[in-house]
Each structure stands twice: as structure tokens, then as C-alpha cells.
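In what follows, a single structure is set out as C-alpha cells and then discussed.
The values are calculated or read from the model by the stated rules, or taken from the named source; none is laboratory data. All of these numbers come straight from a predicted model, not from anything done at the bench. When we count neighbours, we look across all protein chains shown, and the Cβ atoms used for this are built from the backbone with ideal geometry, even at glycine. When the accessible area is computed, the model is the full protein with side chains, heavy atoms only, and any ligands, DNA or RNA have been set aside. Shrake-Rupley method; radii C 1.70, N 1.55, O 1.52, S 1.80 Å.
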Amino acid sequence: YYGWRARPGGGLFVLDRPGYSLQVREVLAGKLSGGSVLEPRLSYDAKRIVFSYSSCSPDDPFFHIHEVNVDGTGLRQLTGGAFEDLMPTYLPDGGIAFSSTRRGGYARCFGAQFSDRWHVYTLHRMDGDGGNIRTLSFHDTNEWFPTVSNTGEILYSRWDYIDRHAVLHQNLWATHPDGTNPVARWGNHTQTPHCTFQMQPIAGTSKVVFTASAHHSITGGSIAIVDPYKGVDGEQSLTRITPDVPFPEAESNQITQYYEAPWPLSEDFFLVAYSPKPLIFE
């Protein structure tokens with residue numbers, strides 16, 4: 001998730017009749033064209049959308065957080081500077097939580113052989129107008145996909161691999177909206193799946209639906225539901241929504257729906273070199 005590596009194209013769209021038609025309505029109406037939109041989130045009153053955007057330009061090669069009304073009016077940029085700000089989500093108090101490289105960390109898993117920029121993403125928050133930005137977490141490694149639970153906590157994925165296995169631990173964590181009391185909610189000692197990404201709480205329950213992703217690949221995979229009250233670890237807490245699709249990398253790499261794109265040699269080398277077992281791509 002680097003703005004300088006994002007691919008231009010796409011945009012922000014609304015499915016007017018989801019489940020019945022693929023007809024879409026473009027929200028931005030040509031604004032911010034030529035860039036890449038990432039991870040939009042809807043406000044609690046369903047009137048605004050917050051999202052990350054990279055212009056994919058050498059002049060500004062970073063993701064910044066933007067906001068727009070659902071009818072396409074009121075587009076504004078909330079963050080800027082030489083930082084990657086992404087995956088924003090609205091907080092009940094009117095603020096916005098997001099993942100950012102602003103604290104200046106450096107991921108120990110990477111090195112200069114890959115790039116001169118391998119910063120750590122951790123939880124941050126800001127006021128609704130983009131002001132008063134502050135760091136919520138000084139964790140050593142990456143934190144992704146913040147969202148808000150039904151009890152008001154921030155749910156997120158934390159890469160908790162210090163002095164332990166490097167691959168198996170990017171699962172469900174929670175913290176108070178001020179960054180206090182970070183706790184592992186589920187999966188911190190669970191080998192399958194590798195990653196609990198793109199979580200969304202299910203209204204009126206303790207359950208969370210998520211994308212079961214691979215550690216060494218894109219954010220994508222099978223869909224599952226976790227109920228931490230059935231156990232803080234293990235598959236007894238899981239319900240598979242797409243049981244026909246194995247958990248990527250953790251259970252199989254032969255997944256047509258998932259690994260359908262060709263991989264460049266450089267990416268292939270990276271994946272094999274850092275995988276706990278050989279990866280095979282068609």
C-alpha cells in the first residue's frame with residue numbers, strides 16, 4: 001500500500017440495485033481521475049464517504065484521505081504531506097481513525113534490496129475536518145483496516161510477529177478510540193487463516209465478517225465470520241461463508257478465483273523467498 005506503486009484507474013461508484021444489477025453510478029463524476037481510490041467507508045448518517053486516494057503521480061506519490069458527499073458534492077482533501085494515509089473509518093464521536101506511516105517506523109521484515117521506503121503503518125486518528133492528527137499506536141509492525149465495533153472499540157488487524165512466527169499473525173485486535181488498552185480479540189495464536197482483513201461488525205451481534213487473506217499476497221481471498229466469544233483462538237470461532245474457497249496460502253495456493261492474475265518474476269521471487277512453504281502460481 002504505497003501511493004507510488006498504486007495503479008491509476010477505477011474510481012468511486014454506487015451500485016443502485018445490488019444483487020439485481022451491476023449498473024453503477026459514479027460518485028466523483030470525473031473528479032480525481034487518473035488516480036487510485038482505496039477502501040471507501042460510509043458515515044453513520046449515510047451522507048458522506050471517506051476514502052484514500054493516490055494521484056499515482058511522481059509529484060505526489062502518496063495516499064491521502066479525502067471525503068465527499070454521497071451525491072458527489074463537497075469533495076475535500078483531509079490529509080497531505082509525505083505520508084501514506086489510508087483505510088479511514090468514521091468514529092462515533094465525529095473523528096476519523098486511519099492507518100498511517102506518520103510515526104516514522106521502519107518494518108524490520110524489509111530492506112534496501114526492495115526499496116528505500118518501507119515504513120510502518122500504525123493506527124492514527126484525526127478530527128472530522130482533518131485537524132488534530134495524533135498517533136494512537138506505536139506498535140513495531142503494521143496495523144491495517146480499522147473499523148468500529150458495535151461496542152465502540154476500534155477493530156483492526158495487527159501484524160504481531162515480534163519474537164515469533166513471521167507469517168501467521170495478522171489477525172483481529174481491538175483498542176479504545178484513544179489508543180488505550182490494545183488487546184488481541186481473536187486469532188493471535190491461530191495458524192489458519194493467516195490474515196483477518198477488511199473486518200466489518202455484524203449489527204446486533206458480537207460477530208465480525210472479514211476477508212481471509214494470504215500473508216504474502218493481495219488483500220483478497222475467502223469470506224468468513226468470526227465470533228470472538230466462542231474462543232479467542234481456533235476455528236471453533238469461525239463460520240465460512242465461502243467454504244468452496246480455501247484460505248489462501250494457509251490451506252492452498254491452487255485457487256482459481258484468487259490467483260487468476262500472472263505474477264512478475266520479481267514478485268514471484270519475493271513471495272517464494274518469504275513463504276513458509278513453496279508457492280505455485282498458474
inquiry  = For the stretch 39-91, give me each residue that is buried (at least 22 other Cβ atoms within 10 Å of the Cβ), more than 19 Å from residue 127 (Cα to Cα) and of a type in the set (S, T, N, Q).
reply    = 54
task = Can you tell me which residue within the stretch 197-224, out of those that are in contact with a Lys or Arg (Cβ under 9 Å, 6 or more places away or on another chain) and not polar (S, T, N, Q), is surrounded by the fewest Cβ atoms within 10 Å (Cβ to Cβ)?
result = 223
task = Report yes if residue 206 is of a type in the set (S, T, N, Q) and farther than 18 Å from residue 174 by Cα, otherwise no.
result = no
Residue pairs meeting the criteria (Cβ under 9 Å; at least 6 apart or on separate chains; first under 20 Å from residue 77 (Cα atoms), in the stretch 13-36; second open to solvent by 90 Å² or more (accessible area, probe 1.4 Å) and among the acidic types (Asp, Glu)) = 27/71
remark   = Across the stretch 94-123, the tally of residues that are touching a Gly at 6+ places or on another chain (Cβ under 9 Å), farther than 16 Å from residue 162 by Cα and at pLDDT 85 or above stands at 5
query = Looking at (1) at pLDDT below 95; (2) within 30 Å of residue 204 (Cβ to Cβ), can you tell me which one residue 139 breaks?
reply = (2)
key: Among (1) small (Gly, Ala, Ser); (2) at pLDDT 95 or above; (3) surrounded by fewer than 17 Cβ atoms within 10 Å (Cβ to Cβ) - the single one residue 9 does not satisfy   = (2)
task = Give the residue, chosen from 164, 134, that is closer than 24 Å to residue 253 by Cα and free of Cβ contacts under 8 Å to residues at least 12 places away in the same chain.
result = 164
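Check whether at least one residue in the stretch 212-220 is of a type in the set (S, T, N, Q), at pLDDT 95 or above and closer than 30 Å to residue 133 by Cα, and report yes or no.
No, that holds for no residue.
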